[in-house]
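Working notes for the structure below.
The values are calculated or read from the model by the stated rules, or taken from the named source; none is laboratory data. None of these values were measured; they are calculated from a predicted model. Cβ placement follows ideal geometry from the backbone for every residue including glycine, while neighbour counts extend to all protein chains displayed. Just the protein is used for accessible areas: all its heavy atoms, side chains included, with ligands, DNA and RNA removed. Shrake-Rupley method; radii C 1.70, N 1.55, O 1.52, S 1.80 Å.
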Amino acid sequence: MRRDRKPGGPGAPGDAASQRPAPEAVPAVDSRLIVREEGFRGYLGEFRRKLRSGELGSLPVVVAIVVIWTVFGSLDSTFLSAQNLSDLSQQIVGTGMIAVGIVFVLLLGEIDLSVGSVSGLCAAVFAVLNVLNGMNEWLALLVAVAGGAAVGLIHGFFFAKVGVPAFVVTLAGNLFWNGLMLQVLGTSGTVNIPSETIVAELYSTIFHNAAVSYVTAGVGTGLFLLASLLDAKRRQAARVPFRPVAEIVIRTVVIGALAFAAAYILNQYQGLPLALLIFLVLLVLLDFVLRRTRYGRQVFAVGGNIEGARRAGISVPFVRMSVFTISGTMAAVGGIFLAGQIQSASQTSGGGNLLMNVIAAAVIGGTSLFGGRGSVWSALLGALVIGSIQSGMNIMGVSNAVQFMITGAVLLAAVVVDSLSRRSQKAAGRA
């Protein structure tokens, strides 16, 4: 039987509890806003908190570069010479570009073991089409890069749609594409690439005019400042934490100082290499894709929590297939630059320690093996570490055997740092 509420009962218009005003909601305050109001002391405290919680970012690899350069520079002064550093900036481009594709795959917590063979195959395709068959060099270049993208799409299909583990798919691909490369090269085994072809010129071209290096540094610094200000304005309009103008200016000054210092060193030898410029432009574009687009957020979401991403309506198969397509594309681009470096495509293209170096570069640069954390700039930093170690040991006449052991030890150290960082973040409730 229905009971009517009494006029004087709880919740009635005259009830004191119902007349009491509801407590005002307390707005959430981001801790970053508090520490920034405290000035230098606040930033120092935030830095200590990040260290304790395992949020190391690029700090370990930056420290590693400083230590490596200091050690080799003290042992042999030619290591820090403008010529050696300029050569180093060109030599890391091929490896770095392939490592960028590996970064995308690692963000999903997966691995691609085929990039070495794919890079060699695409270099062989270009050489055979252009040099042996007379195809237009730009068309041959496009076919080679498109071939890398197609290979990555095939890997992504078997992984995302069929359900074959990425490790198995790409391991099988490593064998299959290496065999196809040998088939494409034919009985000769080696195709020399003339120095006047676009592939060789992309690697060897250097802008000798000093103004080009300084203008590039200035444009890069200006774009960084503009992007930072626009991001702060966008976040302020959305009423979320944003960087104050003073902090943006300080960060821009630091970035600008590094950019102009690099330009000065390059100008002390020959100038700005075109290969390095292309590499940096690609890094900026892909960094924008990862950090400023919906697709980039989906990649991080799938790598961080695949079930949560699925429930949020993200097409996990599409993200997986697209990531492996990007990996195959960047493997092709890197293979083209490596072929331009030695001006040939041979049966050894994409072999040796290339696969180890590109994976090591991505991991050493700060991309987590567990997925969900990393940046395309990891490829640049990691390739710089690997290249610096190899360059320094070559100057000192260290054998390849010792170089392999040292590079492996550095890779293990990077993985240990990543594991300890992840454990600290879990303990701090931030993973």
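Provide the three semi-axes, in whole Å and in decreasing order, of the ellipsoid equivalent to segment 298-431 as defined by the square roots of 5 times the Cα gyration tensor eigenvalues.
Listed largest to smallest, the semi-axes of segment 298-431 are 31, 22, 10 Å.
If you take the C-alpha gyration tensor of segment 325-378, multiply each eigenvalue by 5 and take the square root, what semi-axes do you get, largest first, in whole Å?
Square roots of five times the eigenvalues give 25, 12, 9 Å.
Please calculate how many Å² of accessible area segment 82-142 carries per residue, with a 1.4 Å probe and no DNA, RNA or ligand atoms counted.
27
Per residue, how much accessible area does segment 296-431 have with a 1.4 Å probe, in Å²?
Working: 5680 Å² over 136 residues.
Here the residues of segment 296-431 average 42 Å² of exposed surface.
Charges only on Cβ, +1 for Lys and Arg, -1 for Asp and Glu: so what's the dipole of segment 280-372 about the Cα centre, in debye to the nearest 20?
Working: 7 positive and 2 negative charges, 82 e Å.
Roughly 400 debye, rounded to the nearest 20.
Sorting M321, M405, M330, M396 by accessible area (1.4 Å probe), largest first, what list results?
M405, M396, M321, M330
Rounded to the nearest whole Å³, what is the per residue volume of the convex hull around the Cα atoms of segment 173-287?
Dividing the Cα hull volume of segment 173-287 by its residue count gives 166 Å³.
For segment 119-205, what % of the accessible area comes from carbon and sulfur atoms, probe 1.4 Å?
Using a 1.4 Å probe with all protein chains present, segment 119-205 comes out at 69 percent carbon and sulfur.
With a 1.4 Å probe and every protein chain left in place, tell me how much accessible area W69 has, in Å² to the nearest 10.
Taking all protein chains as shown, W69 has close to 70 Å².
Could you work out what % of the accessible surface of segment 226-376 is carbon and sulfur, using a 1.4 angstrom probe and leaving DNA, RNA and ligands out of the count? Can you show the working numbers first?
Working: 4670 of 7250 Å².
Exposed carbon and sulfur together represent 64 percent of the surface.
Tell me, what is the per residue accessible area of segment 211-266 in Å², probe radius 1.4 Å?
With the other protein chains kept in place, segment 211-266 gives 64 Å² per residue.
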